[in-house]
Every structure is written in structure tokens, then in C-alpha cells.
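Written out below as C-alpha cells is the structure these notes cover.
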């Protein structure tokens, strides 16, 4: 195996596939990087749950494939002195030789036979989606997926297509996030994708108008372009009937600037050491909302102008739960719709009905 390419192109590919390579694994070969040379140079990283390949042109002198320590190889490539790098296997096939300018390295190879086979899906029944739309779907839902292992299905995002509407939904027991876009997929489906996979995918895809393709089987999903493929296992189990969680009757509605509300919550929360122990308090009036906190480090209070209709309400929230929702909003103004002091609140936009966040209040903390 032998190829030559630019250091920057190689680093770009490594930055992408490394997202699937664990720093430490009970299966040491998964800490390795698979390098394959055929018509193009193909890099692959995998941790058995998610696999990422990145393909780009290079000057190919000899085809072949090896597995090498990802950390060692990447550390070397990033420090090389010249813009071009030549990589080849040694004559005895035991080492990988790296040359760039005056730099020369020989590093040990790993057992390629032990590297797991990546099962790429058939693209026959794939559909496409705008990269920007996919980024918004992920940004506005994946943050609300659960981090707890007690309910594994909630560590994923429901990906549901019905009547040419593609919805992403995430729930962690304290929040619900829903986002939809129009879809060109004619097939109705409902699958659950690990949130971690979607978060890594969002770091790879660009913000431009190009399309990314999607296909899936009973057990896997694949996102792909001409340059990269991301393959992941799907989560098994029955997702919550999220539609039953969303209330339709409200006692009060607050229209407010997104940045203004987020900024005020971030500031008052500065006196908190543990947001799980001490909630923020929202008290609505006719033309303003008062936000205050009594935390471990002190007390804080801020007033935000708002348009409020309905009953006055005093309600307690975990600051992190509501801040995460507000950070995911891409619109200047929102409507916060309150049910009761113990019931869920809804965050929607005055300008955009394609997303909805639900936040559950918490109990007041008694000192």
C-alpha cells in the first residue's frame, strides 16, 4: 500500500472519522484507524455502534489496506512539517512508513483481520434531505434525549416520516423536543436513532444547500454523500406516544424575546452551584416576568419585559432544562404557554410552527 496526499486533506478526513473511534475500548483494535487504498483513499473509524468512512482523491501507487493506532497516526500527521505526506507499508508488511519533508516515521500496524466488517446498506430505497434542514432537526431535538441507561430507548431520537413530513422527537422525562420539515420520502416509517450518532453527524455536515442521503434497514441507518458515510445501529423498543404528552389548554401565554429571556436566566443562575437542587422561579405579571433564584452562592433577581395574557402564575424550573430549550430556538421571539404550576409548559415560536419544546416544572425547594 502506498499513497501521497496533502496533509490538510488527510487531517480533514481524520477529524471526521475519529468521531467514531473510542479513546479506550475493551476491543483494542477499535482504537485503530482503517486505511484503505483503491481508486481513492478511504479512512474508516468504528466503535461497533457507529462507523464513519471518509473518501477522497490521492496519488495512488499501490493498493492495499492496514489498521494503525488512530491516536499515534493522527498525532503524527497533525505535526508534519510539509504540506505533502507519503504513506506506505514496509517491505515486511509489519509497519507503516510516513514521510513528509525531513520527517520520517515507522509505526506498528494492528491486526487488520480483527477489525470488524462494516456493513454498508443498500442505497436503493434512500431519500435525500437538505443539510441545513438536517442540522436544524438535530440541533432542536437531540439535546433533549436522555443520558440515563435505565431507559435506553430515550437515549435516542425518534425519526418519523408520515405523509411527507419528517419529524424528530426526543424525550428525557423532564423535556420534550419536536421538530419537523417537509420530506421527499414517500414511505412512512418510524425508527429511533442514537442521539450521540446524530450529534456527531451534525458536526460533519456543512451548512450549505447540498443534500445528504439517508437509507435504513430493520437494524441500521446510513447517512451518506459522495465523500462520507455514517452507519449506525438503531435502538430497539417502543418510543413514547409523544402526542399524548403535549397539552392543548393553557391558563397563560407569555410572548417574549428569546435572547432576552435566555440571557436573564443565564445571569440569575450564576448564583447556583447545583441546578438540580435549586430551581429558578418565574412569576408573571401583565407586562413582565420576574425571574429569581436563591442558590448556594446567593440570591439573584431580574425583570424581563413581556406580553402576557391569562392568569398570573408562579412556576419553578430547572434552569438547565429551560436554557437548553431556549438555546435551540432559531427565532427572535417565542411564546411560552403555561398550563398549571405543576403541569408542562410549551415553548413555540410566533414566526415558526415547525418546532415545539415541552418543559416540566419542578417542586419548590424548601430550605
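Given (1) surrounded by fewer than 19 Cβ atoms within 10 Å (Cβ to Cβ); (2) not in a strand (DSSP E or B), identify the lone condition not met by residue 134.
Of everything listed in (1) surrounded by fewer than 19 Cβ atoms within 10 Å (Cβ to Cβ); (2) not in a strand (DSSP E or B), residue 134 misses just condition (1).
Within region 12-49, can you find the residues that are exposed (fewer than 15 other Cβ atoms within 10 Å of the Cβ) and part of a helix (DSSP H, G or I)?
Those that are exposed (fewer than 15 other Cβ atoms within 10 Å of the Cβ) and part of a helix (DSSP H, G or I): 12, 15, 28.
Exactly one of these conditions fails for residue 271: (1) surrounded by 14 or more Cβ atoms within 10 Å (Cβ to Cβ); (2) in contact with a helix residue (DSSP H, G or I) (Cβ under 9 Å, 6 or more places away or on another chain); (3) closer than 18 Å to residue 321 by Cα. Give me its number.
(2)
Out of all the residues in region 228-256, which are touching a helix residue (DSSP H, G or I) at 6+ places or on another chain (Cβ under 9 Å) and surrounded by fewer than 18 Cβ atoms within 10 Å (Cβ to Cβ)?
Matches in region 228-256: 233, 236, 237, 238, 240.
Quick one: how many residues across region 142-172 are surrounded by 13 or more Cβ atoms within 10 Å (Cβ to Cβ), free of Cβ contacts under 8 Å to residues at least 60 places away in the same chain and in contact with a helix residue (DSSP H, G or I) (Cβ under 8 Å, 6 or more places away or on another chain)?
Residues in region 142-172 being surrounded by 13 or more Cβ atoms within 10 Å (Cβ to Cβ), free of Cβ contacts under 8 Å to residues at least 60 places away in the same chain and in contact with a helix residue (DSSP H, G or I) (Cβ under 8 Å, 6 or more places away or on another chain): 7 in total.
Looking at residue 198, is it under 27 Å from residue 71 (Cα atoms) and not assigned by TED's automatic domain parsing to the domain that holds residue 10? Please lay out each step first, then the result.
Details: under 27 Å from residue 71 (Cα atoms): yes; not assigned by TED's automatic domain parsing to the domain that holds residue 10: yes.
So residue 198 fits the description; yes.
Of all residues in region 56-76 being within 27 Å of the chain's Cα centre (by Cα) and assigned to a helix (DSSP H, G or I), which is surrounded by the fewest Cβ atoms within 10 Å (Cβ to Cβ)? Steps first, answer last, please.
Taking region 56-76 as the starting set, the residues that turn out to be within 27 Å of the chain's Cα centre (by Cα) are 56, 69-75.
In the following step, the residues that additionally are assigned to a helix (DSSP H, G or I) were identified as 70-75.
Working: 70: 23, 71: 14, 72: 16, 73: 24, 74: 19, 75: 10.
My answer is 75.
For residue 262, are the conditions met, namely being under 24 Å from residue 348 (Cα atoms), in contact (Cβ under 8 Å) with a residue 24 or more places away in the chain, assigned to a helix (DSSP H, G or I) and in contact with a strand residue (DSSP E or B) (Cβ under 7 Å, 6 or more places away or on another chain)?
On the way: under 24 Å from residue 348 (Cα atoms): yes; in contact (Cβ under 8 Å) with a residue 24 or more places away in the chain: yes; assigned to a helix (DSSP H, G or I): yes; in contact with a strand residue (DSSP E or B) (Cβ under 7 Å, 6 or more places away or on another chain): no.
It is false that residue 262 is under 24 Å from residue 348 (Cα atoms), in contact (Cβ under 8 Å) with a residue 24 or more places away in the chain, assigned to a helix (DSSP H, G or I) and in contact with a strand residue (DSSP E or B) (Cβ under 7 Å, 6 or more places away or on another chain).
Can you name the residue in region 317-362 that is over 18 Å from residue 290 (Cα atoms) and free of Cβ contacts under 8 Å to residues at least 60 places away in the same chain and, of all such residues, is surrounded by the most Cβ atoms within 10 Å (Cβ to Cβ)?
Among them, the one singled out is 348.
Applying the selection to region 302-314, what residues are farther than 17 Å from residue 334 by Cα and touching a helix residue (DSSP H, G or I) at 6+ places or on another chain (Cβ under 7 Å)?
Listed by number, the list holds a single entry, 302.
Checking the conditions here, which among 69, 100 is more than 20 Å from residue 27 (Cα to Cα) and at pLDDT 95 or above? Let's see the steps before the verdict.
Details: 69 fails: more than 20 Å from residue 27 (Cα to Cα).
So the residue among 69, 100 that is more than 20 Å from residue 27 (Cα to Cα) and at pLDDT 95 or above is 100.
Inspect region 99-116 for any residue being within 14 Å of the chain's Cα centre (by Cα), in a helix (DSSP H, G or I) and under 29 Å from residue 3 (Cβ atoms) and give the result as yes or no.
Here is the first cut: in region 99-116, the residues within 14 Å of the chain's Cα centre (by Cα) are none.
Looking through region 99-116, none of the residues is within 14 Å of the chain's Cα centre (by Cα), in a helix (DSSP H, G or I) and under 29 Å from residue 3 (Cβ atoms).
Return the pairs, sorted by first residue and then second, in which the second residue is crowded, with 17+ Cβ neighbours inside 10 Å, the first residue lies in region 104-133 and is free of Cβ contacts under 8 Å to residues at least 24 places away in the same chain, the beta carbons are less than 7 Å apart, and the residues are 6+ apart or on different chains.
106/95
The values are calculated or read from the model by the stated rules, or taken from the named source; none is laboratory data. Keep in mind it's a predicted model, so treat the numbers as computed, not measured. A quick note on method: Cβ atoms are made from the backbone with ideal geometry, for glycine too, and the neighbour counts reach across all protein chains shown.
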